[in-house]
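> Below you will find the structure I want to go over with you.
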Amino acid sequence: MLQFVIRRVISGIILVAVVSSATFFLAHLAIGDPTIGLLGSSATQDQMASLAAKIGTDRPLIVQFFDWAGHALTGDFGDSWRNFQSVSSQIGLKLPVTLSIVTFAILLTAVFGALLGIATGLRPGTVVDRVLQWLSVILFALPGFWVALVLVITFAVNLKWFPAVGYVQPGTSFSGWLRSLALPGISLALGAVVMVASQLRNALVETSQLDYVRTLRSRGLSNARVTLHMVRNAAPTSLTILALMFVGLLGGAVVVEQIFALPGIGALTTASSQNGDIPILLGITVVTVAFVVLVNLVLDLLLGWINPKARQS
Amino acid sequence: MSTPVSSPATGTQAGGAGTAGAPGTPGTPGTPGTQAGPAASSSTRQARGTAFSRLLRKPEGVISLVIIALVILVGILAPLLSPQDPNFVNLDIVKAPASPEHLLGGDSQGRDVLSRLIWGTQTTVYGAAIAVAFSLLLGVPSGVAAGYFGGAFDRISMWVSDALQAVPGMIILLIVAAASGSNFVVIMITVGVFMAPGFYRLTRSTVLSVRSEPYVDAAVVAGMSPFKILLKHVLRTVRGPVIIQTSLTAGMAMGMQAGLQFLSIGTSDTPSWGAMMMEGFTIIRQHPTLMLWPSLALGLTIAALAIFGTALGDALAVRPPAKRLSAARKAVQAHDAAVPGSTGQVTLAGAESAVRIDELRVAYPSSKNTMKEVVHGISLDVRPGEVLGLVGESGSGKSQTVFSLLGLLPETAAVGAGELWVDGTRVDLANLGAHRKLLGTTLGYIPQEPMSNLDPSYTVGYQLTEPLRTVHGRSKEQARAEVLAALTRVGITDPERVLRSYPHQLSGGMAQRVLIAGAVAGKPKVLVADEPTTALDVTVQAEVLELLRELQCEDGMALVIVTHNFGVVADLCDRVVVMKDGSAVETGTVDEVFNRPADPYTAELIAACLDDAEPRVTADARFADASGAVDAGTAAGPVPAGRRAATPTSTPASAEGEAADQAGPTPSGTSIEGSAAK
């Protein structure tokens, strides 16, 4: 078990290293001289040269890479090229917003996906089941920001139930914080909810036809008890999907944050990518990929707990 | 294990509602089962043809196909269809409502909305085409190579695929957009790269499954190039799923593309739906229609692609999804399907019987509005403490009969008619809940296949104590003590360890003992065993049969044992019911049926068992010698040596002609001995 965790952690670290190195070279090679983008076209040669010296882009690329990587290993992602504040502190400021939305969305997905999936998986072929099938097809395909726009028009502009834009710190007003998360969270979660629900539904339908379910019934277990057995055995596929959804939600949050004017990673990424602020972009890449690795590790541990065979290997 | 009469295998499979329209997930759409070998190619082609016509018969298939075709056409013909230059600014129509010259009005900068919508269609289609093309180009060949060659390439490409799926694509896309100066083609290629794992996984798993098919091995033996065969079969099987994946990928690429354009990334001079949505969004309160049109276009197109994929998936899955019928509807259809007449016989009054089945009928849905009856009005009864054998080849309806006795038929099945008495009480067949209340208390069930009948996620201890705690109201300690006793009783020498084990840590024989312990732990009056030895090694078979006989004797349970093996009947049963095609062809004591079979089919079955009697007798002798060392892990308990020699397959050799008047059908006479002992 410990060996398994160590193997997964090492594989995760390699993934973070590979992706961030690739991003480093991709960004540098494509952007070329970043000082043009940072200073604008009216900048003089002297200004550009002094900025290049300050941010270190006058050195060979490979030297820059090892400099960056060496600092990154100690948790120092350098300073922004634009406002010279530390990358970590800027990301640290924005990350809670994005994580709030994504966590809220994942919670919604897990709870409602499980409820809907169990409800339809135990009674396949009902009207609710068929509606869910079609909804899952359509809602999954539609991008989150499209759903967000529809929700904004309906619930914020027309019905005025929720604020259309803005973020409230949980310290300022907890209910206000929840209200500001509601629409972005729901727009992100909707597609994921139906996806998880239909995965769980299919897994439950398959499980319900297995021999041991009949044998469990033959010992007189109640329907609720038999359902528990079925859900535990059907859970792995849905959990895997849930982890994939997390990755999707992180990406989707970038656009949805713009719609609701939330000061999260999304706005920072968009602004930095337009300015060519490479240190910020690299920091964001490392942090998000690390989160994905972490989520997958938690998932693997959960799967091991659910499935005794996987635990052994 | 004896081979029964060459069976026509007409068994009606309990088709579940399992595969009803599973929506394709990104990267893991359902792969339809690999078709049969090369010989079946013409019929396969036929099935493909009908798959397309099936798709066109569905309204959602036609509608989505029409929408997709329209979108593509509008995209290609944009220069011809567009009434105006999409970038021409006419200050007179800034935010103007619809008019005859400008059917959808003007946007915030005074450009014609309809023209921009049409040109935006071209951008959307073009971008999706780039993404899909690169996705296919990267995913399919690497998937084929990984599946075919395996090894290092497989491991590395799998890692890359996993890595791509673990990276939040949108963030990388923003970086690529910044790096490439918002080059549209580069951005869409990147989208394609992020979507490639879907195609990769799909083709890889298809190649793997085709590769492990026996006909590929056969082709290798026959000297054909396996690569050629693989290619042919891979192409055939992968085609449908790839089309489904393509439509899903196209939809998602359009969504990502519009999302980027909504963030004002991508070229600003080409009109796009995403950019139009963004422009409309800023003035949504004053002019909601400006956002409406591009949103509608995007939503409709993506929904059409998704529905097309699903409809095609449904059409390719040859088995139509089984509909869930109401009980009343099933009853009517089952009534229509009933085969007139009844078979079998009863001699006991319901109140005196352990089990009495009267003219029971079971039917399954066969097509849309009809049902096929598989058990045709069978009657039988079992005395308290009696052992009844239910014999027949597969598909004879014997399992269906006992599952309706247990109330454990699949949900699609319908009990058409009949009466059922269990332990002297009449069971209301219409009330499944009440029927199932008998399970675990009055009725016990021993399944056929030991490994698939234990829940893999729970320890043996949990599975066995759970019913005692929740059904019989025992405390945790009490339940544990009873289960330990039951495990000891079925001959498990190390019950503490087995209690802590998971099913996959047990041998087949051990698992079957666990299942028997589970069935008898509730002290049932009637024990139903469905081919309890078929899946076991010959040596273990004998022990399990012996165990069943002991348990039955000690507890005085009635035992209904389903088997296709007359050896089991001879060893264990008092009476036997022979079934064929859903009817009872003969009922009688073991003695009568073996020595004076009334029905030619029974005689045929018995004769089939005797065909290879000679080698089996030798095998028995060998087994008797070796029996001491057999299955050391599970001591069989105190078994008399003479009984041990009676393997389930020790067929009544003596019945072969000369000794019809001999006391018992088996040479050792154990079965008579056994029943006389009761």
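The values are calculated or read from the model by the stated rules, or taken from the named source; none is laboratory data. Note that the coordinates shown come from a computational prediction; the quantities given were computed from them, not determined experimentally. Every residue, glycine among them, receives a Cβ derived from its backbone with ideal geometry; neighbour counts consider all protein chains shown.
> One residue is enough: does the range A:130-138 have a residue meeting the conditions at negative phi, of a type outside the set (Asp, Glu) and within 17 Å of the chain's Cα centre (by Cα)?
No; the residues of the range A:130-138 include none that is at negative phi, of a type outside the set (Asp, Glu) and within 17 Å of the chain's Cα centre (by Cα).
> Any chance you could count how many residues in the range B:477-498 are assigned to a helix (DSSP H, G or I) and either aromatic (Phe, Trp, Tyr) or touching a Ser or Thr at 6+ places or on another chain (Cβ under 7 Å) (or both)?
The number of residues fulfilling the criteria is 4.
> Give the number of residues within the range A:166-190 that are surrounded by 13 or more Cβ atoms within 10 Å (Cβ to Cβ) and of a type in the set (Val, Ile, Thr).
The number of residues fulfilling the criteria is 2.
> Kindly provide the set of residues from the range B:192-208 that are in contact (Cβ under 8 Å) with a residue 40 or more places away in the chain and under 12 Å from B:LEU138 (Cα atoms), ordered by number.
Matches in the range B:192-208: B:GLY192, B:VAL193, B:MET195, B:ALA196, B:PRO197, B:GLY198, B:PHE199, B:TYR200, B:ARG201, B:THR203.
> Has the range B:425-435 got any residue that is within 28 Å of the chain's Cα centre (by Cα), surrounded by 20 or more Cβ atoms within 10 Å (Cβ to Cβ) and at the interface with another protein chain (Cβ under 7 Å from one of its Cβ atoms)?
no
> Another one. Name the residue that is farthest from the other protein chains (Cβ to nearest Cβ), counting only residues in the range B:143-156 that are crowded, with 20+ Cβ neighbours inside 10 Å and among the small types (Gly, Ala, Ser).
Among those residues, the one meeting the criterion is B:GLY147.
> Restricting to the range B:499-508, and then to whatever is assigned to a helix (DSSP H, G or I) and closer than 23 Å to B:LEU548 by Cα, can you tell me which residue is modelled with the lowest pLDDT?
The selected residue is B:GLY508.
Residues are listed down the side, and each one gets a yes or a no for (1) touching a helix residue (DSSP H, G or I) at 6+ places or on another chain (Cβ under 8 Å); (2) within 12 Å of chain B (Cβ to nearest Cβ); (3) modelled with pLDDT of 90 or more:
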site: A:ALA27; (1), (2), (3): yes, yes, no
site: A:ALA30; (1), (2), (3): yes, yes, no
site: A:GLY37; (1), (2), (3): yes, yes, no
site: A:GLN45; (1), (2), (3): no, no, no
site: A:ILE55; (1), (2), (3): yes, no, no
site: A:ALA72; (1), (2), (3): yes, no, no
site: A:SER80; (1), (2), (3): yes, no, no
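> In addition: Please state which one of B:ALA131, B:ALA145 is more than 19 Å from B:MET278 (Cβ to Cβ), small (Gly, Ala, Ser) and at pLDDT 90 or above.
B:ALA131
> Among the candidates B:VAL176, B:VAL193, B:VAL210, which residue alone is crowded, with 23+ Cβ neighbours inside 10 Å, within 30 Å of B:LEU235 (Cβ to Cβ) and among the hydrophobic types (A, V, I, L, M, F, W, C)?
Criteria check complete, one pass: B:VAL210.
> Name the residues in the range B:216-239 that are surrounded by 21 or more Cβ atoms within 10 Å (Cβ to Cβ) and of a type in the set (Gly, Ala, Ser), would you?
none
> Which condition from (1) more than 17 Å from B:ILE357 (Cβ to Cβ); (2) without any contact (Cβ under 8 Å) to a residue 12 or more places away in the chain; (3) not basic (Lys, Arg) is the one that B:THR412 breaks?
Looking at each condition in turn, B:THR412 falls short on (2).
> Give the residues of the range B:96-136 that are more than 30 Å from B:LEU202 (Cβ to Cβ) and in a helix (DSSP H, G or I), sorted by residue number.
If we filter the range B:96-136 for residues that are more than 30 Å from B:LEU202 (Cβ to Cβ), which is where we start, we get B:96-120.
Hits for the range B:96-136 are B:VAL113, B:LEU114, B:SER115, B:ARG116, B:LEU117, B:ILE118, B:TRP119, B:GLY120.
Yes/no matrix, rows are residues, columns are (1) part of a helix (DSSP H, G or I); (2) among the hydroxyl-bearing types (Ser, Thr, Tyr); (3) in contact with a Lys or Arg (Cβ under 6 Å, 6 or more places away or on another chain):
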| site | (1), (2), (3) |
| --- | --- |
| B:ILE175 | yes, no, no |
| B:SER182 | no, yes, no |
| B:VAL185 | yes, no, no |
| B:THR190 | yes, yes, no |
| B:MET195 | yes, no, no |
| B:PHE199 | yes, no, no |
| B:ARG204 | yes, no, no |
| B:VAL220 | yes, no, no |
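> How many residues are more than 7 Å from chain B (Cβ to nearest Cβ) and hydrophobic (A, V, I, L, M, F, W, C) when one looks only at the range A:141-159?
8
> Sort out which residues of the range B:453-469 are modelled with pLDDT of 90 or more, of a type outside the set (Lys, Arg) and surrounded by fewer than 19 Cβ atoms within 10 Å (Cβ to Cβ), and write them in order of number.
Correct list: B:THR459, B:TYR462.
> Any residue in the range A:119-137 that is without any contact (Cβ under 8 Å) to a residue 24 or more places away in the chain, part of a helix (DSSP H, G or I), at the interface with chain B (Cβ under 7 Å from one of its Cβ atoms) and not aliphatic (A, V, I, L, M)?
no
> If we only count helices (runs of 4 or more DSSP H) wholly inside the range A:170-272, which ones have 2 or more residues that are under 22 Å from A:GLN133 (Cβ atoms) and more than 9 Å from every other protein chain (Cβ to nearest Cβ)?
A:174-208, A:223-259
> Among all residue pairs at least 6 apart or on different chains, which show Cβ distances below 6 Å where the first residue, located in the range A:191-219, is surrounded by fewer than 24 Cβ atoms within 10 Å (Cβ to Cβ) and the second is β-branched (Val, Ile, Thr)?
A:ALA203/A:THR237; A:ARG217/A:VAL226
Here's the yes/no breakdown for (1) free of Cβ contacts under 8 Å to residues at least 24 places away in the same chain; (2) surrounded by fewer than 13 Cβ atoms within 10 Å (Cβ to Cβ); (3) closer than 30 Å to A:LEU301 by Cα:
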| residue | (1), (2), (3) |
| --- | --- |
| A:VAL16 | no, no, yes |
| A:ALA30 | yes, no, no |
| A:THR44 | yes, yes, no |
| A:ALA69 | no, no, yes |
| A:GLY75 | yes, yes, yes |
| A:ARG82 | no, no, no |
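> B:ILE265 versus (1) in a helix (DSSP H, G or I); (2) of a type in the set (A, V, I, L, M); (3) within 27 Å of B:GLY139 (Cα to Cα): which is the lone unmet condition?
Result: B:ILE265 passes all but (1).
> Please count how many residues of the range A:220-232 are in contact (Cβ under 8 Å) with a residue 40 or more places away in the chain and not hydrophobic (A, V, I, L, M, F, W, C).
2
> Counting only residues that are outside any strand (DSSP E or B) and out of contact with any strand residue (DSSP E or B) (no Cβ under 6 Å at 6 or more places or on another chain), how many does the range B:366-384 have?
Going through the range B:366-384 one residue at a time, the tally reaches 3.
> Which members of the range B:377-398 meet the condition of being under 21 Å from B:ALA608 (Cβ atoms) and either more than 30 Å from the chain's Cα centre (by Cα) or surrounded by fewer than 22 Cβ atoms within 10 Å (Cβ to Cβ) (or both)?
The initial filter retains those residues of the range B:377-398 that are under 21 Å from B:ALA608 (Cβ atoms), namely B:389-398.
Listed by number, the residues that qualify are B:GLU393, B:SER394, B:GLY395.
> Still on this model: It is to be established whether one or more residues within the range B:382-400 are β-branched (Val, Ile, Thr), out of contact with any Cys (no Cβ under 9 Å at 6 or more places or on another chain), within 14 Å of chain A (Cβ to nearest Cβ) and over 30 Å from A:PRO236 (Cβ atoms).
No, every residue in the range B:382-400 fails to be β-branched (Val, Ile, Thr), out of contact with any Cys (no Cβ under 9 Å at 6 or more places or on another chain), within 14 Å of chain A (Cβ to nearest Cβ) and over 30 Å from A:PRO236 (Cβ atoms).
> Which residues, counting only those in the range B:477-511, are within 21 Å of B:LYS523 (Cα to Cα), touching a residue at least 60 places away in the same chain (Cβ under 8 Å) and more than 12 Å from every other protein chain (Cβ to nearest Cβ)?
Those that are within 21 Å of B:LYS523 (Cα to Cα), touching a residue at least 60 places away in the same chain (Cβ under 8 Å) and more than 12 Å from every other protein chain (Cβ to nearest Cβ): B:ARG489, B:VAL490, B:GLY491, B:ILE492, B:MET510.
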